[in-house]
Amino acid sequence: MPEHEQPDQPERDDTVAGAGDQPVETGRDRLVQAIRKPTRRQVGVAVILAILGFSAAVQVRSTEAATTYPGMRQEDLVQVLNNLSAAAQRAENDINQLEQAQSSLLSNRDSRAAAISRAREQADALAILAGTVPATGPGIRVTVTDESGQIKIDQLLNALQELRDAGAEAIEINDAVRVVAQTALDDGTAAGEPGRIIVDGQELAQPYVIEAIGNPQTLATALEIFGGFLEQVEQVSARAVVKELDEVEIASVREIATSEYATPVEDE
Amino acid sequence: MIAALGLLIGLLAGLLLQPEVPLWLEPYLPIAVVAALDAVFGALRAFLDGIFDDKVFVVSFTSNVLIAALIVYLGDQLGVGGQLSTGVIVVLGIRIFSNVAAIRRHLFHA
């Protein structure tokens with residue numbers, strides 16, 4: 001306060017300052033004196049200081065409690081509003097970006113899932129064709145009893161071809177041999193004992209049971225046609241029973257044949 | 001002693017009563033408090049210098065508070081209220097520091 005710094009009150013206040021008989025008095029003495037022997041003149045100062053303390057406390061309180069915006073200046077409020085709308089804009093942009101990312105991820109996932117299910121179907125079909133997995137489904141069971149031993153490899157091959165022609169998807173003989181593309185039929189001529197029935201190196205025993213999965217009616221009809229398998233069987237006075245079944249279990253499998261020489265042609 | 005008691009009573013009253021600050025006063029109260037603090041430190045310095053007078057103190061206190069509030073009010077009307085209150089706070093802060101430095105020299109001779 002300039003008015004305090006300048007000695008505009010030249011005469012000493014003896015009552016406040018203490019005994020006037022001490023000509024040189026330090027500020028500290030004066031303060032101690034004022035605290036020890038307060039005078040009436042301090043009352044006014046006390047009132048002022050009380051006002052100051054009161055308003056300071058109130059201000060601190062209201063600042064602590066100021067969670068809302070009353071009392072702010074108009075320009076500050078405008079600034080706050082601008083900041084808020086900018087933040088909202090940013091948040092909206094973020095939302096848009098994230099939604100785009102989400103939808104692209106979703107479509108990505110869908111197409112991946114579609115590709116995976118396609119590939120799985122293909123793998124299943126190929127596995128059944130290659131005979132590497134057990135298969136089940138509707139089909140027929142042909143039981144051939146040949147007491148006179150007249151059934152040869154030719155008739156059997158004929159039966160297999162007719163079944164394949166009729167759309168058999170999986171074929172099994174005697175619950176032991178799975179018939180696939182690589183299946184080889186042998187009548188034992190190479191080994192010097194013709195007349196046997198050897199399928200994939202496994203000699204078949206009677207009765208011959210051929211199980212095939214496919215449309216049962218179509219398969220049965222294919223065997224029954226004129227000059228077909230059943231007629232051939234009858235000619236050699238053997239018996240063949242064809243049963244159409246709702247469910248045929250083909251349990252035997254083949255090892256996965258890895259091609260040693262053939263490689264797929266990359267086709268673009 | 002009475003002065004210190006007055007300050008204490010004022011603080012306690014403010015803390016206990018917790019009055020609502022009227023809306024029109026809210027921008028000016030902080031400035032007024034800082035201006036009042038400046039007046040109080042000036043008064044303490046003058047007291048230590050031996051030139052204290054309570055009438056001068058009351059007048060300077062009142063005028064300090066009023067002028068500070070007036071400046072801020074004027075700034076608000078002119079559209080530079082924020083900057084002007086900052087300016088007032090800076091000026092008052094400088095004065096408080098120099099007054100406290102003088103007080104410190106008196107009390108601690110350092």
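Taken over segment A:147-169, the criterion of being of a type in the set (Asp, Glu), over 26 Å from A:Ala127 (Cβ atoms) and touching a residue at least 60 places away in the same chain (Cβ under 8 Å) is satisfied by A:Glu147 alone. Pairs linking a residue in segment A:170-199 that is farther than 22 Å from A:Gly137 by Cβ and assigned to a loop (DSSP other than H, G, I, E, B) to a residue that is at pLDDT 80 or above and hydroxyl-bearing (Ser, Thr, Tyr), with Cβ atoms under 8 Å and 6 or more positions apart or on different chains, are A:Ile197/A:Tyr208. If you go through segment A:146-169 and keep only what is at pLDDT below 85, among the acidic types (Asp, Glu) and assigned to a helix (DSSP H, G or I), you end up with just A:Asp154. For segment A:220-268, the candidate set comprises residues that are part of a helix (DSSP H, G or I), touching a Leu at 6+ places or on another chain (Cβ under 6 Å) and touching a residue at least 60 places away in the same chain (Cβ under 8 Å); within that set, the residue that is farthest from A:Val133 (Cα to Cα) is A:Phe229. Among the listed residues A:Asp146, A:Asp165, which satisfies the condition of being surrounded by 13 or more Cβ atoms within 10 Å (Cβ to Cβ) and at negative phi? None of the other options fit; the residue is A:Asp146.
The values are calculated or read from the model by the stated rules, or taken from the named source; none is laboratory data. Bear in mind the structure is a predicted one, so any value in this text is a computation, not a measurement. Quick reminder, even Gly has a Cβ in these numbers, built from the backbone with ideal geometry, and neighbours come from all protein chains shown.
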